[in-house]
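The values are calculated or read from the model by the stated rules, or taken from the named source; none is laboratory data. Note that the structure is a prediction, hence the values are computed from the model and not measured. Using ideal geometry, Cβ is built from the backbone for each residue, glycine included, and neighbour counts are taken over all protein chains shown. Side chains included, ligands, DNA and RNA excluded: accessible areas come from the protein's heavy atoms. Shrake-Rupley method; radii C 1.70, N 1.55, O 1.52, S 1.80 Å.
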Amino acid sequence: MRHDGRPTRGTGAVAATLACLLLASCSAGSTATGSTGKNSLNIGLTAEPANFDFTRTEGAAIPQALLYNVYETLVKLDQSGKIRPQLATSWSLSKDRRTYTFHLVKNATFSNGARFTAEDAKFSIERVTTDWTLVQKTQMDVVDAVRAVSPTELEVTLKRPSNDWLYRMTTRVGAMFSRTGVGKLATEPVGTGPYAVKNWNRGDSITLARRHGYWGRTPHFASVTLKYFKDPTAMNNALLTGTINVIGQMQSPESLYRFQNNSKYKVIEGTTNGEVVLSLNNGSGPMKNRKARQAVRYAIDHKALMDTCWAGRGKLIGSMVPPTDPWYQNLTDLYRYDRDKAKKLLEESGEAGRTLRLRIPTLPYATACGTVVKSQLEQAGFKVKLDQLEFPAAWLTTVFKNADYDMSIIGHVEPRDMQTVFGNEKSYIRYDNPEFRALLAKADQGTREQQITDMRAAARLVSKDAAADWLFLLPNLMVADEDITGLPVNSVSESLDLTGLGRS
């Protein structure tokens, strides 16, 4: 998930992601610090990490802050979504498509002083299946054996060909850990990246400091502070007053006018892979009934909802696949808004009269859209009780861990997360469809063309089943001081990658 709060990307986020995992007065503990120096950068964000350990803690806020910045991977995603070298200078794949050989950088060290070698890479990959507790750990199940051929050569053999595995190595499961630096991951992350955690003022900010002796290209900013705001207006005001330099993701799109015609600022508008999902509990309660779920989907006027709660910014998609993925298809026609049809299906389902618990996190997009969803469902004959749960702790425990809900709203910002959210019957969605899982498996082992065909079929199946409703795709809306460079137009990974940012 991020769960965004990006439940992730990840997040959410989720949460996460999934992740992520995303998102009165001056915000939760935020304090004004005045104008920032030329060699430092302050970025405003919404969802603060619960801790620093993304191997055992859900939510996209952790990899958002740490991935590529503190922790590096063998391969990473660039801003166009292509896989590029990072700690691996190059790699090759055997003819049977089962064995990857990675050639590693020679001079990388961890922030604890230990040298990075193929033994650390072996340790990190194997540790996913032995020590991780997140659902993402299953992405390493395809690995059969890992061998450190030499300090700079790593060999990974898969149980079967996998189109997905190398891509997953660009995400949090591909993070490289020190064999001597995993004792206190929740508070003391140890990575090979250009930054190390300098300070965490809980409820307010995390400060990353540039590492001396970093093996790669030195990032422009010596210090980056991630400042967390619960109130979007407070974050906007922080940029206007010079407390921050960048709004990492705009949480009040209707306020863009304050920055668009001001030469002091630049507005970045692109897309993300953050699906704002109306989650439906397929395992218990009224939403276990397929006709009731279908009634929900017909009851939602997605265009009106997006116009109302997100100022019309974003994209309607109708599935768990964003346009930046090769197998994207527009599935919004599967459940075109039809209130009369929703009422009919609700009556046929036998669930009319039961009260649905819509339990949403205290994140801006969720709270803004929650009242609209409640209203639209009630107009179609549903009874809805809306509860707001503090994010991350209460929502992650109640909804994501215990599945104690009927409906929720969360931004799933982790990349290519359809498999994670719907391919595991133990996921909080509780979707259990062997046909869907078979399509995913077939897609992973086939040719590139077969992968696209089968992933499209899987996306269509989960959408037709009304396993969830996809409200809209979050836009990438960033606002920054006009001299900040390197900001991504599209947000396609779990990381808020700070390494390419600069000042003109």
**Prompt:** How much FRET efficiency would the formula 1/(1 + (r/R0)^6) give for residue 261 and residue 131, where r is the Cβ-Cβ distance and R0 is 30 Å, rounded to 0.05?
**Reply:** 0.05
**Item:** Taking all pairs of distinct alpha-carbon atoms in segment 202-351, Kirkwood radius in angstrom
**Value:** 19.5 Å
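Considering only the chain, what is the antiparallel percent among its DSSP beta bridges, to the nearest 5? Each step should come with its number before you reach the end.
Details: 57 of 76 bridges.
Rounded to the nearest five, the antiparallel share is 75 percent.
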**Prompt:** Going by a ≥ b ≥ c, the root eigenvalues of the Cα gyration tensor, does segment 378-419 fall in the rounded group (a/c under 1.5), the prolate group (a/b larger than b/c) or the oblate group?
**Reply:** oblate
**Message:** With unit charges on the beta carbons (Lys and Arg positive, Asp and Glu negative) and the dipole taken about the Cα centre of the chain, which residue among 112, 381, 355 sits farthest to the positive side?
**Reply:** 112
**Prompt:** Using the Karplus equation 6.51 cos²θ - 1.76 cosθ + 1.60 (θ = phi - 60°), what ³J(HN,Hα) coupling, rounded to whole Hz, does each residue of segment 262-277 give in order, writing x for Gly and Pro?
**Reply:** 10, 5, 6, 10, 10, 10, 9, 9, x, 10, 9, 10, x, 7, 7, 9
**Message:** Using a 1.4 Å probe on the protein heavy atoms, what percent of the accessible area of the chain belongs to carbon and sulfur?
**Reply:** 47 percent
**Asked** Reported to two decimal places, what Rg/Rh ratio describes segment 272-475 when computed on Cα atoms with Rh from the Kirkwood expression?
**Response** 0.94
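Taking the Cα centre of segment 44-93 as origin, sum charge times position over the Cβ atoms of Lys and Arg (+1) and Asp and Glu (-1), and report the length of that vector in debye to the nearest 20.
Values: 4 positive and 5 negative charges, 48 e Å.
Rounded to the nearest 20 debye, it is 220 debye.
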**Prompt:** Mind listing the phi-derived Karplus ³J(HN,Hα) values for segment 389-400, rounded to whole Hz, using 6.51, -1.76 and 1.60 with θ = phi - 60°, and x for any glycine or proline?
**Reply:** 10, 4, 10, x, 4, 5, 5, 4, 6, 6, 8, 6
**Prompt:** Based on the Cβ-Cβ distance from residue 441 to residue 303, what FRET efficiency comes out when R0 is 45 Å, to the nearest 0.05?
**Reply:** 0.80
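Which of rounded, prolate or oblate describes the chain when judged by the alpha-carbon gyration tensor and an a/c cut-off of 1.5? Please report the intermediate quantities before stating the final value.
On the way: a/c = 1.89, a/b = 1.21, b/c = 1.57.
Oblate, since a/c reaches 1.5 and b/c is not below a/b.
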**Prompt:** How far apart, in nm, are the 7 Å Cα→Cβ label points at residue 241 and residue 426?
**Reply:** 4.7 nm
**Item:** Pairwise label distance in nanometres, residue 503 with residue 160, each label 7 Å out on the Cα-Cβ vector
**Value:** 5.3 nm
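Full extension from residue 348 to residue 464: what is 0.36 nm times the residue separation minus their Cα-Cα distance, to one decimal in nm?
Going from the current span to full extension adds 40.0 nm.
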**Complete:** Packing-ranked peptide list from 61-67, 169-175, highest mean Cβ count within 10 angstrom first, is 61-67, 169-175
**Rounded to whole Hz, the Karplus (6.51, -1.76, 1.60) HN-Hα couplings of segment 236-246, x for glycine and proline** = 4, 5, 5, 5, 5, 9, x, 5, 10, 9, 9
**Cross-link reach list, aspartates and glutamates versus residue 383, counting only Cα pairs under 17 Å and skipping chain neighbours closer than eight places** = 340, 347, 348, 351, 406
**Complete:** Once both label points are put 7 Å beyond Cα along the C-beta direction, the residue 291-residue 397 separation in nm becomes 3.9 nm
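Going by the alpha-carbon gyration tensor, a ≥ b ≥ c the square roots of its eigenvalues, is segment 99-164 rounded (a/c under 1.5) or, if a/c is not under 1.5, prolate (a/b greater than b/c) versus oblate?
oblate
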**Prompt:** Which value, in Å² and to the nearest 10, is the accessible area of residue 184 when all protein chains are kept and the probe is 1.4 Å?
**Reply:** 120 Å²
**Filter on 344/442; 385/464; 106/442; 137/315 - keep pairs with C-alpha separation over 32 Å** = 344/442; 106/442
**Request:** Pull up the cross-link candidates among the aspartates and glutamates for residue 95, meaning alpha carbon to alpha carbon under 16 Å and not fewer than 8 places away within one chain.
**Result:** 155
**Fill in**
Given 380-391, 224-235, the highest-first ranking by average Cβ count within 10 Å works out to 224-235, 380-391
**Asked** Under the Kirkwood approximation applied to all pairs of distinct alpha-carbon atoms, what is the hydrodynamic radius of segment 367-504 in Å?
**Response** 18.1 Å
**Request:** Express the accessible area of the chain per residue in Å², computed with a 1.4 Å probe while the remaining protein chains stay in the model.
**Result:** 36 Å²
**Message:** Need the list of aspartates and glutamates near residue 264 for cross-linking: C-alpha distance under 17 angstrom, and skip anything on the same chain fewer than eight residues off.
**Reply:** 481, 482, 483
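Could you order the peptides 465-473, 87-95 from most to least packed, using the average number of other C-beta atoms within 10 Å per residue? Kindly include the intermediate steps, with their values, before the conclusion.
Working: 465-473: 24.0, 87-95: 14.2.
Peptide ranking by packing, descending: 465-473, 87-95.
Contour minus end-to-end for residue 39 and residue 388, with contour as 0.36 nm per residue of separation and end-to-end as the Cα-Cα distance?
Working: separation 349, 0.36 × 349 = 125.64 nm, distance 3.97 nm.
The residue 39-residue 388 span can extend by a further 121.7 nm.
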